[in-house]
Amino acid sequence: MTVFVTGFWASTEERNIQLGGDDQGNSVLLPINRLYGATGIEFEGNYSNGPFSITVGATYTDATIDDDTLNPDVIGNTPRHIPDLTFFARPAVDFDRISLGAVVNGTTESFTQDTNILVQPGYTLVSPFVSYRPADNVTVGLNVFNVFDELAVVQLQAAAIPASGFTNAQVMNGRTVTASIGFSF
């Protein structure tokens with residue numbers, strides 16, 4: 001068994017231009033000149049017993065906008081797209097010729113923009129896999145990304161729901177099945 005725990009404290013300055021959305025849902029360029037602060041803890045561990053293994057990890061983050069010379073209204077807010085918790089787990093069973101398991105990734109909710117008005121939901125994605133080795137140098141695999149077809153919103157452009165009710169969004173792929181054949185030589 002291995003376990004790693006790391007605490008962190010970070011402070012960073014940003015001068016940038018970001019693409020954002022106004023109250024009407026239109027794309028706008030947002031100048032940024034601010035300081036961020038974050039504290040948190042990261043955990044990662046691995047356990048193996050015979051054919052079974054599991055690797056897990058999680059990061060808790062408490063982040064804030066500490067200063068903003070161009071938009072002081074956001075001071076003290078949580079930066080956009082920074083969830084309190086992200087996590088993963090990868091249990092697996094490995095026999096002589098067959099391996100199977102899953103990858104589970106997730107995050108808690110986060111704010112869409114630095115104004116902290118609109119919240120994008122958290123999500124958990126489960127992606128099982130199986131591989132079979134019919135010969136020493138041949139592997140056949142099957143993977144199903146996001147097996148439960150979870151809607152996982154990664155980013156929303158708008159700070160609030162615009163009057164039109166529409167905004168740009170980035171989402172993770174829905175259920176995706178892939179098969180593979182591998183040869184080693």
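Note on the range 1-32: among residues that are surrounded by 15 or more Cβ atoms within 10 Å (Cβ to Cβ) and at negative phi, the one that is nearest to the chain's Cα centre (by Cα) is G20. Close Cβ contacts (under 6 Å, 6 or more residues apart or on different chains) running from residues in the range 150-164 that are part of a loop (DSSP other than H, G, I, E, B) and of a type in the set (D, E) to residues that are surrounded by 15 or more Cβ atoms within 10 Å (Cβ to Cβ) and modelled with pLDDT of 90 or more comprise E150/Y123; E150/L125.
For L35, the test of being surrounded by 15 or more Cβ atoms within 10 Å (Cβ to Cβ), at pLDDT below 95 and not in a loop (DSSP other than H, G, I, E, B) is failed. Restricting attention to the range 165-175, the residues being loosely packed, with under 15 Cβ neighbours inside 10 Å and in contact (Cβ under 8 Å) with a residue 24 or more places away in the chain number 5.
Being more than 30 Å from D114 (Cβ to Cβ) and either part of a strand (DSSP E or B) or not aromatic (F, W, Y) (or both) is the filter here, so list the residues in the range 137-149 that pass it. N137, V138, T139, V140, G141, L142, N143, V144, F145, V147, D149 - these are the residues of the range 137-149 that are more than 30 Å from D114 (Cβ to Cβ) and either part of a strand (DSSP E or B) or not aromatic (F, W, Y) (or both). Any residue in the range 9-23 that is outside any strand (DSSP E or B) and closer than 23 Å to L118 by Cβ? Yes; the residues of the range 9-23 include at least one that is outside any strand (DSSP E or B) and closer than 23 Å to L118 by Cβ.
Residues that are in a loop (DSSP other than H, G, I, E, B) and basic (K, R) are absent from the range 114-136.
Restricting the range 165-185 to residues that are of a type in the set (A, V, I, L, M, F, W, C) and part of a strand (DSSP E or B) leaves a set whose member that is modelled with the lowest pLDDT is A169. I'm trying to understand the selection: among the residues of the range 59-87, which are within 20 Å of the chain's Cα centre (by Cα) and assigned to a loop (DSSP other than H, G, I, E, B)? The answer is T78, P79, R80, H81, I82, P83, D84. Taking the condition of a type in the set (S, T, N, Q), without any contact (Cβ under 8 Å) to a residue 24 or more places away in the chain and surrounded by 15 or more Cβ atoms within 10 Å (Cβ to Cβ), does N146 pass? For N146, the condition - of a type in the set (S, T, N, Q), without any contact (Cβ under 8 Å) to a residue 24 or more places away in the chain and surrounded by 15 or more Cβ atoms within 10 Å (Cβ to Cβ) - is not met. Inclusion of P162 among residues that are surrounded by 15 or more Cβ atoms within 10 Å (Cβ to Cβ), over 23 Å from the mean Cα position of the chain (by Cα) and under 27 Å from I65 (Cβ atoms) is warranted.
The values are calculated or read from the model by the stated rules, or taken from the named source; none is laboratory data. The shown structure was predicted, so the numbers you read here are calculated from the model rather than taken from an experiment. Backbone-built Cβ (ideal geometry, glycine too); neighbour counts: all protein chains shown.
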